[in-house]
Amino acid sequence: MITQTNQTAYNKAEQQFIELLDVIDLDEKLAVQPELASQFEASLERAIQDAYDAGSGDAAAHRFLQRVLYRINRLKLFWYDDLRHYTNERSAYLRNVRDRIEVPWQAWELAQLDVAALQQEDVKQGLAERGARDLDPPLSEDSRYIREQTTEAGYRRILAIGSFDGLVEGSRLSRILGGAANEVQATLTRVLIEEYGNGRLSRKHSTYFAQMLSEFGMNTEPEAYFDLVPWEVLASANHNFLVTECKRYFLRYNGGLTYFEVAGPAAYRNYLTAAQRLGVSQAAMGYWELHIREDERHGRWMLDDVALPLADKYPEQAWEILLGYDQEKLMGDRAGEAIVRSAKEADRMAVK
């Protein structure tokens with residue numbers, strides 16, 4: 001639960017941080033005027049303690065930390081906006097803030113998994129079992145709600161939150177493709193090329209998502225609905241920034257991407273079923289149909305042509321593929337639950 005008092009304090013601190021992002025010579029100015037970041041620094045220390053040292057953590061603290069971390073991470077992508085926004089992309093201060101959040105956050109995330117047990121698993125068998133389980137899972141209570149009960153208001157909320165990733169889809173995958181040429185790299189490149197519409201904007205998956213938004217008269221600009229995005233969704237995005245930034249986490253990232261591609265069609269079928277029940281236009285659900293079709297193929301590619309070959313190449317570290325898979329599932333399930341809670345809230349507000 002987010003208390004109003006905590007949220008107000010964090011909002012003010014985040015606003016100070018946003019202003020710092022565009023300060024010319026930020027590192028030099030903070031060295032002589034540390035008070036420029038005093039409010040932000042106080043909130044940052046408090047949030048880290050409240051989020052990661054207090055049981056399940058304070059929701060307002062989680063939200064603040066993931067929003068700050070995302071504002072740093074997004075500078076690793078190019079948004080075709082004012083070039084001055086990238087003034088501090090290599091700032092030592094921003095790197096320090098990122099590390100101070102990531103270290104306790106990642107320890108908190110890892111503590112929710114039995115890493116020792118993963119290290120003892122038969123990796124290939126584990127991947128096969130997970131793939132079979134997640135390809136067509138039984139419907140959960142949340143899945144049934146989306147399919148059978150959510151109203152147009154809830155569906156619009158799902159689109160708004162989904163646009164956070166849907167309008168920049170594949171961007172983080174692009175960050176791991178450089179390097180030596182081999183079959184794994186070629187497969188990952190094929191996945192990215194399909195996500196990017198084979199170089200044609202009209203076929204890019206983000207274009208299909210924008211069309212869904214347009215059908216409802218919604219904003220098609222990236223991050224337009226940032227304030228609606230739950231911290232759980234932001235955490236998944238920030239985690240992927242981390243594991244694509246650090247090549248030592250290459251196996252973890254590909255394990256996570258394997259889960260994402262294998263499990264994606266089941267989630268998209270829920271949204272497609274809801275759209276069909278609501279009677280929306282073809283354009284307002286075309287993205288789901290496209291992804292069901294293509295991600296079924298991508299899931300097979302990731303299992304057969306990426307995850308298993310990597311397990312052969314790195315037998316001593318292959319368990320990290322399972323870690324990445326399970327962590328992506330854990331964080332994805334958590335994000336999915338948050339999205340449904342938000343959709344339910346939109347549904348309730350619509351009938352008042």
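The values are calculated or read from the model by the stated rules, or taken from the named source; none is laboratory data. Please read these numbers as outputs of a predicted model, since none were measured by experiment. Counting neighbours? That spans all protein chains shown, and the Cβs are built from the backbone with ideal geometry, glycine included.
Specify which of the listed residues (ALA47, ALA9) is part of a helix (DSSP H, G or I), at pLDDT 95 or above and closer than 11 Å to PHE64 by Cα.
Values: ALA9 fails: at pLDDT 95 or above.
On inspection, the qualifying residue turns out to be ALA47.
Suppose we filter segment 170-190 for residues that are closer than 18 Å to TYR259 by Cβ and modelled with pLDDT under 95; how many remain?
Selection size over segment 170-190: 4.
Can you tell which of ARG144, ARG130 is closer than 17 Å to VAL306 by Cβ and either touching a strand residue (DSSP E or B) at 6+ places or on another chain (Cβ under 6 Å) or of a type outside the set (Gly, Ala, Ser) (or both)?
ARG130
What residue, of ARG74, ARG90, is farther than 21 Å from LEU234 by Cα and either in contact with a Gly (Cβ under 7 Å, 6 or more places away or on another chain) or among the basic types (Lys, Arg) (or both)?
From the options ARG74, ARG90, the qualifying one is ARG90.
Here is a check on your reading of the model: is TYR70 more than 22 Å from the chain's Cα centre (by Cα), outside the structural domain of TYR325 (by TED's automatic domain parsing) and in contact (Cβ under 8 Å) with a residue 40 or more places away in the chain?
Working: more than 22 Å from the chain's Cα centre (by Cα): no; outside the structural domain of TYR325 (by TED's automatic domain parsing): yes; in contact (Cβ under 8 Å) with a residue 40 or more places away in the chain: yes.
Here the answer is no, as TYR70 does not meet what is asked.
All but one of (1) of a type outside the set (Gly, Ala, Ser); (2) under 16 Å from ASN96 (Cβ atoms); (3) in contact (Cβ under 8 Å) with a residue 60 or more places away in the chain; (4) surrounded by fewer than 18 Cβ atoms within 10 Å (Cβ to Cβ) hold for PRO34, so report the exception by its number.
Only one criterion is unmet by PRO34, namely (3).
So which of GLU41, GLU35 is farther than 13 Å from GLU14 by Cα, in a helix (DSSP H, G or I) and among the acidic types (Asp, Glu)?
Going through GLU41, GLU35 in turn, just one is farther than 13 Å from GLU14 by Cα, in a helix (DSSP H, G or I) and among the acidic types (Asp, Glu): GLU35.
Restricting to segment 16-31, what's the tally of residues that are loosely packed, with under 13 Cβ neighbours inside 10 Å and either small (Gly, Ala, Ser) or not in a helix (DSSP H, G or I) (or both)?
Adding up the residues that qualify gives 3.
State the number of residues belonging to segment 310-325 that are in contact with a helix residue (DSSP H, G or I) (Cβ under 7 Å, 6 or more places away or on another chain) and charged (D, E, K, R). Spell out the reasoning first.
Step one: filter segment 310-325 for residues in contact with a helix residue (DSSP H, G or I) (Cβ under 7 Å, 6 or more places away or on another chain), giving 310-311, 314, 317-325.
Remaining after also requiring charged (D, E, K, R): 320.
Residues that pass the stated criteria total 1.
Taking the conditions exactly as written (of a type in the set (A, V, I, L, M), over 19 Å from ALA153 (Cα atoms), out of contact with any Asp or Glu (no Cβ under 8 Å at 6 or more places or on another chain) and in contact (Cβ under 8 Å) with a residue 60 or more places away in the chain), does LEU242 satisfy them or not? Outline the logic, then answer.
Details: of a type in the set (A, V, I, L, M): yes; over 19 Å from ALA153 (Cα atoms): yes; out of contact with any Asp or Glu (no Cβ under 8 Å at 6 or more places or on another chain): no; in contact (Cβ under 8 Å) with a residue 60 or more places away in the chain: yes.
When the stated conditions are applied, LEU242 does not pass them.
Here are some conditions: (1) in contact (Cβ under 8 Å) with a residue 12 or more places away in the chain; (2) of a type in the set (Ser, Thr, Tyr); (3) not assigned by TED's automatic domain parsing to the domain that holds LYS313. TYR80 meets all but one. Which one does it not meet?
Status for TYR80: all satisfied but (1).
Given the structure, is ALA181 hydrophobic (A, V, I, L, M, F, W, C) and either more than 30 Å from ASP312 (Cβ to Cβ) or within 16 Å of the chain's Cα centre (by Cα) (or both)? Walk me through how you get there before you give the answer.
Details: hydrophobic (A, V, I, L, M, F, W, C): yes; either more than 30 Å from ASP312 (Cβ to Cβ) or within 16 Å of the chain's Cα centre (by Cα) (or both): no.
So ALA181 fails the test.
I'd like to know if segment 251-272 contains one or more residues that are buried (at least 19 other Cβ atoms within 10 Å of the Cβ), without any contact (Cβ under 8 Å) to a residue 40 or more places away in the chain and under 17 Å from LYS329 (Cα atoms).
yes
From the list ALA59, ALA47, which residue is within 23 Å of LYS12 (Cβ to Cβ), surrounded by fewer than 20 Cβ atoms within 10 Å (Cβ to Cβ), small (Gly, Ala, Ser) and not assigned by TED's automatic domain parsing to the domain that holds VAL168?
Just a single option satisfies the conditions, and that option is ALA59.
May I ask you to list pairs of residues, at least six apart or on different chains, whose Cβ atoms are under 9 Å apart, with the first in segment 277-299 being assigned by TED's automatic domain parsing to the domain that holds GLU194 and the second being small (Gly, Ala, Ser) and not in a helix (DSSP H, G or I)?
LEU278/ALA284
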